[in-house]
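Participant: Mind looking over this structure? Questions follow.
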Amino acid sequence: MELVLLNKYFDLTDLQKNQFNKLFDLYTMWNQKINLISRKDIENLEERHFLHSMAIAKFIKFKEGAEVLDLGCGGGFPGLMLALLFPKTQFYLIDARNKKIMVVNDIVDQMNLNNVKAVHGRAEEIKDKKFDFVVTRAVAKIDQLKSWTSKLIKPKEIHSIPNGIIALKGNLDLEKKLLSKSDYHESVNLSMFFKEDFFKEKHLLYVQH
């Protein structure tokens, strides 16, 4: 099928178009076996999961050689979408639910994605890796994310903004109260990127490490 919204907001190559269509089919197939997303929501897969995840790509363009951790990736959101958009960036997906990591690894294998590694575990168990950015979608409050990832961010920076956390969030009122005055942060309402009503109450929160 043609993914209308992705083509509306992103200038995808023919390869990427084919990859996203295959990804759509794999999620549709897997969701019949494992509840990756709400069964009621599968018909909104493109808008509420693919496009929502790809909002991060409207905020930052990950560079070649960068390393990004998707913390609490679940079924692969937002990491797999970003991996297709940035094939020269390395994505490390981690989740405490082994069943979902098994699905992600199957999708990675079927799509021959060489820039993705998915593992079962928790952030505090990562001992030998550091990342330019940590991305998340609906995982935990920002103070918890800061605590879990404080030792996982690289000190050396290669992007236009300093390394840190990029989190897709709903209401930000509570989240901002959990930040200290010394925390540099930026927030963006996703309706700045996408015009569909779904995004009016969705936000991106960036916190510098």
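Participant: So, R0 is 25 Å and r is the distance between the beta-carbons of LYS130 and LYS63; what FRET efficiency does that work out to, to 0.05?
Facilitator: Plugging the Cβ-Cβ distance into 1/(1 + (r/R0)^6) gives 0.95.
Participant: Something else about it: Would you work out the relative contact order for segment 78-184, in percent, from Cα pairs under 8 angstrom that are 6 or more residues apart?
Facilitator: Over segment 78-184, the number comes to 24 percent.
Participant: Which of the aspartates and glutamates could a cross-linker span from LYS58 if the Cα-Cα distance has to be under 13 Å and same-chain partners fewer than 8 positions apart are dropped?
Facilitator: Leaving aside aspartates and glutamates fewer than 8 places away in the same chain, those within reach of LYS58 are ASP11.
Participant: Still on this structure, please answer the following. Please figure out what share of the DSSP beta bridges in the chain is antiparallel and state it in percent, rounded to the nearest 5.
Facilitator: 35
Participant: What nm distance separates the two modelled labels at TYR184 and LYS22, each placed 7 Å from Cα along Cα→Cβ?
Facilitator: 4.0
Participant: Could the peptides 33-42, 158-167 be put in order, highest first, of the mean number of other beta-carbon atoms found within 10 Å of their residues?
Facilitator: 158-167, 33-42
Participant: If R₀ is 45 angstrom, what is the calculated FRET efficiency for the pair LYS141 and GLU2, using the beta carbon separation as r and rounding to 0.05?
Facilitator: About 0.75, to the nearest 0.05.
Participant: When a/c is below 1.5 the answer is rounded, else prolate if a/b is larger than b/c, else oblate, so apply that to segment 1-96 with a ≥ b ≥ c taken from the square roots of the Cα gyration tensor eigenvalues.
Facilitator: Working: a/c = 1.84, a/b = 1.20, b/c = 1.54.
Because a/c hits 1.5 or more and a/b fails to exceed b/c, segment 1-96 counts as oblate.
Participant: For the chain, what's the relative contact order in percent, using C-alpha pairs closer than 8 Å and at least 6 residues apart?
Facilitator: It comes to 17 percent, rounded to a whole number.
Participant: Moving on. Tell me, what is the FRET efficiency for THR13 and ASN171 to the nearest 0.05, using R0 = 25 angstrom and their Cβ-Cβ distance as r?
Facilitator: So the FRET efficiency works out to roughly 0.10.
Participant: Still on this model: Can you give the translational diffusion coefficient of segment 13-208 in µm²/s, computed by Stokes-Einstein from the Kirkwood radius over Cα pairs at 4 °C and 1.567 mPa s? The partial results should precede the final answer.
Facilitator: Details: Rh = 17.0 Å.
My calculation gives 76 µm²/s for D.
Participant: Amide H neighbours of VAL116 under 5 Å, counting only residues 5+ apart in sequence or on other chains, H built in-plane at 1.01 Å?
Facilitator: Distant-sequence amide H within range of VAL116: PHE91.
Participant: Using a cut-off of under 17 Å, list every residue of segment 66-100 whose amide N is near the label point 7 Å from the Cα of LYS156 along the Cα-to-beta-carbon line.
Facilitator: 66-68, 89-90
Participant: With θ set to phi - 60°, apply the Karplus curve 6.51 cos²θ - 1.76 cosθ + 1.60 along segment 183-197 and write out the HN-Hα couplings as whole Hz, x wherever there is a Gly or Pro.
Facilitator: Calculated HN-Hα couplings, in order: 7, 6, 9, 9, 9, 9, 6, 5, 5, 5, 9, 10, 8, 5, 4 Hz.
Participant: Simple spin-label model, 7 Å along Cα-to-Cβ: GLU196 to LYS99 in nm?
Facilitator: 2.6
Each reported figure results from applying straightforward, stated rules to the coordinates on display, with no laboratory input. Keep in mind the model is a prediction, meaning the values are calculated, not measured. All Cβ positions, glycine included, derive from the backbone under ideal geometry; neighbour counts span all protein chains shown.
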